[in-house]
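J.: Encoded as structure tokens, here's the structure I'll be asking about.
Derivation of every value follows stated rules applied to the coordinates shown; laboratory data play no part. Please read these numbers as outputs of a predicted model, since none were measured by experiment. Cβ atoms come from the backbone with ideal geometry, glycine included; neighbour counts cover every protein chain shown.
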Amino acid sequence: MTNDVAKMLTVFEGLDPFCGYVPKGFLVDFLGVLTDAKFRAVWGVDPAREGGTEVATTLPGLDGGEGFFEAFSWCAAARDARDQYTMITLGACYGLQAVAAYRALQRLNPMPAKLVAVEGDPENYAWLRQHFRDNGIDPDRHWLINCAMSDSNEPVLYPVGAPGSGINNCFSTNHRESRRIYAEQLAQRPDIKDVVRNLIRSGCTGIEIKPFPNLAFSADVKFVSAMTLADVLGPFERVDLLESDIQMSEAVVFPPAMDLIRARVKRVHLGTHGAEVHAALLQQFLELGFAIDCNYEPNTHHDTPWGSFDVNDGIIIARNPTFC
């Protein structure tokens with residue numbers, strides 16, 4: 001049944017939330033995952049005021065909004081895993097999803113695991129490796145890839161900057177019209193020779209953008225390497241959890257790979273970032289026979305017997321019934 005919150009809540013049964021000492025400068029979640037507070041500074045967290053004390057956490061509730069459903073996916077995928085666990089996260093940022101999914105596996109159903117995290121921003125990528133190490137995971141034993149997700153392997157224009165914000169994607173910056181506008185802007189620059197020199201040497205256009213006009217985040221548009229979802233899925237016969245938060249790039253990344261997802265992926269947790277994208281991807285999952293455990297459109301409010309919550313990005317959790 002879609003959006004069966006009562007059933008979702010049972011996935012946390014028997015799981016004791018973390019209670020213990022948290023080092024200075026760190027945050028902790030219910031699984032005991034430590035997060036360097038500097039990763040959250042862009043959202044107003046003051047690292048100097050975090051940690052250095054005993055902390056008692058609670059199990060996820062609906063008041064956590066989208067975070068509740070992310071935690072459900074981590075725990076459900078962990079409970080369903082058999083023999084060897086594989087988790088892929090696209091738009092990994094500093095690695096929240098990968099490390100939490102791994103910790104859920106350790107707590108609920110320990111087994112060998114491979115984590116795959118794809119992140120296009122270089123500073124986020126450095127934080128990703130640190131986040132693994134901070135939680136006792138050797139990043140060199142997993143696949144951490146500093147690359148953008150796209151529908152081809154052609155280099156893409158990508159906003160580099162604002163680490164920790166989760167704004168980075170190649171959907172809007174790489175659009176044909178966006179490229180035309182950038183080209184015209186660069187052609188009018190009085191320092192065009194320096195611009196071309198930097199473009200050839202480092203892929204940097206010198207264009208700064210504000211991906212979200214109502215937020216203070218800014219980023220520099222650069223050319224970066226790109227992978228397709230087929231590239232990422234290719235080495236694996238079975239993926240227990242495919243998580244994606246690529247800020248509208250799912251509109252171009254997912255459709256070409258749907259048949260491969262049907263063949264190899266047990267569970268998909270997808271942020272959709274737009275009503276049209278949400279509807280189109282939901283229809284594709286349904287046509288391929290996926291069971292839809294969760295379907296909440298972007299920018300919606302919901303009241304349930306277990307609490308109220310808001311959804312910003314949009315959520316689809318699709319489960320492949322052909323995998324036992």
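J.: Quick test of your reading of the structure: residue 69 fulfils all but one of (1) surrounded by 21 or more Cβ atoms within 10 Å (Cβ to Cβ); (2) more than 24 Å from residue 237 (Cβ to Cβ); (3) free of Cβ contacts under 8 Å to residues at least 40 places away in the same chain; (4) of a type in the set (A, V, I, L, M, F, W, C). Name the failing condition by number.
T.: Here residue 69 meets the rest and fails (3).
J.: Residue under question is residue 20, and the condition is that it be more than 30 Å from residue 242 (Cβ to Cβ), of a type in the set (Gly, Ala, Ser) and surrounded by fewer than 16 Cβ atoms within 10 Å (Cβ to Cβ); does it hold?
T.: Values: more than 30 Å from residue 242 (Cβ to Cβ): yes; of a type in the set (Gly, Ala, Ser): yes; surrounded by fewer than 16 Cβ atoms within 10 Å (Cβ to Cβ): yes.
Considered against the rule, which asks whether it is more than 30 Å from residue 242 (Cβ to Cβ), of a type in the set (Gly, Ala, Ser) and surrounded by fewer than 16 Cβ atoms within 10 Å (Cβ to Cβ), residue 20 comes out as yes.
J.: Does any residue in the range 75-88 that is over 11 Å from residue 266 (Cα atoms) come within less than 7 Å, Cβ to Cβ, of a residue that is aromatic (Phe, Trp, Tyr) six or more places away or on a different chain, and which pairs are these?
T.: From residues that are over 11 Å from residue 266 (Cα atoms), the pairs are 75/12.
J.: Right, next: Against the condition in contact with a Lys or Arg (Cβ under 7 Å, 6 or more places away or on another chain) and more than 18 Å from residue 69 (Cα to Cα), how does residue 267 come out, does it pass? Quick ask: steps written out before the conclusion?
T.: Numbers: in contact with a Lys or Arg (Cβ under 7 Å, 6 or more places away or on another chain): yes; more than 18 Å from residue 69 (Cα to Cα): no.
Judged against the criteria, residue 267 is not a match.
J.: So in the range 224-246, with the set limited to residues that are surrounded by fewer than 22 Cβ atoms within 10 Å (Cβ to Cβ) and of a type outside the set (A, V, I, L, M, F, W, C), which one is farthest from residue 317 (Cα to Cα)?
T.: Only one residue fits best here, namely 225.
A quick yes/no check of all residues on (1) within 24 Å of residue 25 (Cβ to Cβ); (2) in a helix (DSSP H, G or I); (3) among the polar types (S, T, N, Q):
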site	(1), (2), (3)
88	no, no, no
92	yes, no, no
99	yes, yes, no
105	no, yes, no
114	no, no, no
124	yes, yes, yes
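J.: Are any residues in the range 34-51 within 20 Å of residue 129 (Cβ to Cβ) and in contact with a strand residue (DSSP E or B) (Cβ under 9 Å, 6 or more places away or on another chain), and if so, which ones?
T.: Of all residues in the range 34-51, those within 20 Å of residue 129 (Cβ to Cβ) come to 34-42, 47.
Matches in the range 34-51: 34, 35, 36, 37, 39, 40, 47.
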